[in-house]
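> First the structure, which I've put down as structure tokens, then a few questions once you've had a look.
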Amino acid sequence: MVALLEERSLDSLLVSDLVNVRYLTGFTGTNGACVVTGSERFFLTDTRYTELARRQVSDFTVVEVGQELLRDIAARLVGRAGFDDAHLSVRTHGKLAAAHPDLVAAGGLVEELRAVKEPGELDALRAATALADGAYESLRSDGLVGRTEREVARWIVRFLEDQGADEVSFPPIVAAADNGALPHAVPRDVPIPAGTLVVIDLGARLDGYCSDCTRTFATGPLPDSQAESYEGVRDAQRVAVDEVRAGISCKEIDADTRAVLESRLGIAFEHGLGHGVGLDVHEAPRLARTGEGSLEAGNTVTVEPGVYVAGEFGIRIEDLVAVTEDGCEILTGFTKELVTVD
Ligand code: ZN
Ligand code: ZN
């Protein structure tokens, strides 16, 4: 942290985004901020949370603040002070600048640290992913035909919570037939028919860490073109996972995967190939046309190519993987072979 301050020529840093605050301190309440200087680390919160902070926050001096959180923050900033421009409103920035004028935008600094996971974080991500695997196993045995997309989505939420998840990482997507052609489909109140494809994208949050996985099931024999498309996406996903390793460019792996799908099926997905996952379900790094930089060991990213045929069907296969020096560990355990359920 201190090294990052030096790298950016900062004397102090205000961290106000609660996810970043949780990452640095472990604090899970809903009001708190950190100020880090070259020699001191303060965690500021109000009276509702001082007890929780004393239990959760160890490496910071806990400061109880009154109504004037901003004034107390400003009093602890020193010299050239960084703030997170992506997470501070113009209004708050204005008030803060009035008290401490030497403010500079320093967005993405904590996110940079968050992108590389520690062993304990990887354990949490493995456990969150195992819960997601359990949901797919249950769907495989319980079946899908005749249930509505919404009912299945609600079942997923209950299942993951019953298995110990804090909550779902995002509202599950259950999208059959033509609804699957929308990458961000909303589950409908219509029964899932036999003989179609069903995209199911789900994740659990456990100890703050998210999982994010997609599997596409068949609900009976499929038209040849759909079965071939599934194999095309399966191959593209395999190629992408094989390419994941420290040092590969985020743009290149996205482009290579698109090229496989274009040559196999003549179409590729519009969304990015993948994204980092951690305390947030979407975080750095991004595997996309606009992706920056290269993967590093300790990054945890999704690999999720898809094919979307408007008015007909969609297919997406998404694994969560942890990048290593020479490859990756695939955290998602559920099979990627086409699974047919009733
Ligand atoms: Zn997903
Ligand atoms: Zn995803």
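None of the figures in this text is laboratory data; all of them are computed from the coordinates on show. Keep in mind that this is a model prediction, so the values were computed, not measured. A quick note on method: Cβ atoms are made from the backbone with ideal geometry, for glycine too, and the neighbour counts reach across all protein chains shown.
> Under 10 Å, Cα contacts only: if you run a Gaussian network model on the chain, which one of Leu18, Leu160, Leu320 comes out with the highest mean-square fluctuation?
Highest fluctuation of the listed residues: Leu18.
> Let me ask something else about it. If amide hydrogens are placed 1.01 Å from N in the peptide plane, which non-local residues have theirs closer than 5 Å to the one on Val65?
Those lying under 5 Å, H to H, from Val65 are Thr45, Asp46, Thr47.
> Right, next: Give the cross-link partners of Lys117 among the lysines, using a straight C-alpha distance below 24 Å as the criterion and excluding same-chain residues fewer than 8 apart.
Lys251
> Let me ask you something else. By how many nm would the segment from Asp142 to His184 grow when fully extended, if each residue of separation counts as 0.36 nm and the alpha-carbon distance is taken off?
Difference between extended and current length: 12.7 nm.
> Over all distinct alpha-carbon pairs, what is the Kirkwood Rh of the range 257-313 in angstrom?
About 12.6 Å, per the Kirkwood formula over Cα pairs.
> Non-local amide H neighbours of Asn299 (under 5 Å, H modeled in plane, Pro and chain starts lacking H): which ones?
Those lying under 5 Å, H to H, from Asn299 are Lys117, Val323.
> Taking only Cα atoms and a 10 Å spring cutoff, compute GNM fluctuations for the chain and point out the largest among Val110, Val244, Val199.
Greatest mean-square fluctuation among the candidates belongs to Val110.
> Express the C-alpha Rg of the range 137-207 as a ratio against the empirical globular expectation 2.2 N^0.38 Å, rounded to two decimals.
1.08
> Relative contact order of the chain: what whole-number percent is it, with Cα pairs under 8 angstrom and at least 6 residues apart?
Computed over the chain, the figure is 16 percent.
> Can you give the charge dipole size of the range 2-114 about its Cα centre, rounded to the nearest 20 debye, using +1 on the beta carbon of Lys and Arg and -1 on the beta carbon of Asp and Glu?
In total the dipole reaches around 260 debye.
> If I model a spin label as a point 7 Å beyond the Cα along the Cα-Cβ vector, how far apart are those points for Glu167 and Glu7 in nm?
In this crude spin-label approximation the distance works out to 3.1 nm.
> What is the diffusion coefficient of the range 80-205 in µm²/s, taking the Kirkwood radius over Cα pairs and the Stokes-Einstein relation at 37 °C with a viscosity of 0.692 mPa s?
Values: Rh = 17.7 Å.
Result for D is 185 µm²/s.
> Follow-up question, since we're still on this one. Length gain on complete extension for the stretch Glu231 to His271, per 0.36 nm per residue less the alpha carbon to alpha carbon distance?
Gain on extension, Glu231 to His271, equals 12.5 nm.
> Okay, moving on. Picking from Ile192, Leu265, Asn299, whose Cα lies most toward the positive end of the charge dipole for the range 119-330 (charges on Cβ: Lys, Arg +1; Asp, Glu -1)?
The listed residue farthest towards the positive side: Ile192.
> Which FRET efficiency, nearest 0.05, do Glu40 and Ala297 yield, Cβ-Cβ r, R0 30 Å? Before the final figure, lay out the partial values.
Details: r = 31 Å, r/R0 = 1.04.
Taking R0 as 30 Å, the efficiency between Glu40 and Ala297 is 0.45.
> Have a look at Asp224, Asp166, Asp84 and tell me which one the Gaussian network model of the chain (Cα, springs below 10 Å) gives the largest fluctuation.
Among Asp224, Asp166, Asp84, the largest mean-square fluctuation in the Gaussian network model of the chain belongs to Asp224.
> Calculate, in whole percent, how much of the Cα-Cα pair population of the range 2-114 lies beyond 25 Å. Please report the intermediate quantities before stating the final value.
Values: 815 of 6328 pairs.
Tail of the P(r) past 25 Å holds 13 percent of the pairs.
> Any chance you could list P(r) for the range 213-342, counting all Cα-Cα pairs in 10 angstrom bins from zero, rounded to whole %?
Whole-percent P(r) values from 0 Å outward: 13, 46, 31, 10, 0.
> Moving on to the next point. Determine ³J(HN,Hα), in whole Hz, for all residues of the range 286-295 in sequence, where each value follows from phi through the Karplus function 6.51 cos²θ - 1.76 cosθ + 1.60 and θ = phi - 60°; x replaces Gly and Pro.
Computed from phi, the couplings for the range 286-295 are 10, 9, 7, 4, 9, x, 10, x, 10, 5 Hz.
> I would also like to ask the following. Please give the charge dipole size of the range 287-332, origin at the Cα centre, charges +1 on K and R Cβ atoms and -1 on D and E Cβ atoms. Round to the nearest 20 debye. Write down the numbers at each step before the final one.
Working: 2 positive and 9 negative charges, 49 e Å.
Taking the Cα centre of the range 287-332 as origin, the dipole is about 240 debye.
> May I pose another question? For the modelled label position 7 Å from the Cα of Asp224 along Cα-to-Cβ, which residues of the range 188-209 have backbone nitrogen atoms closer than 20 Å?
195-197
> What is the gain in length, in nm to one decimal, between Val341 and Thr92 on full extension, counting 0.36 nm per residue of separation less the C-alpha to C-alpha distance?
Roughly 84.4 nm would be gained on extension.
> Dividing the Cα radius of gyration by the Kirkwood radius, what Rg/Rh value follows for the chain?
Rg/Rh for the chain comes to 1.04.
> Can you compute the charge dipole magnitude of the chain about its Cα centre, using +1 on each Lys and Arg Cβ and -1 on each Asp and Glu Cβ, nothing else charged? Give it in debye, rounded to the nearest 20. Don't skip to the answer; put the middle values down first.
On the way: 32 positive and 57 negative charges, 156 e Å.
With only Lys, Arg, Asp and Glu charged at Cβ, the dipole is about 740 debye.
> Specify which residue in the list Val65, Ser9, Cys34 is farthest towards the positive end of the charge dipole of the range 2-114, using unit charges on the beta carbon of Lys, Arg (+1) and Asp, Glu (-1), about the Cα centre.
Val65
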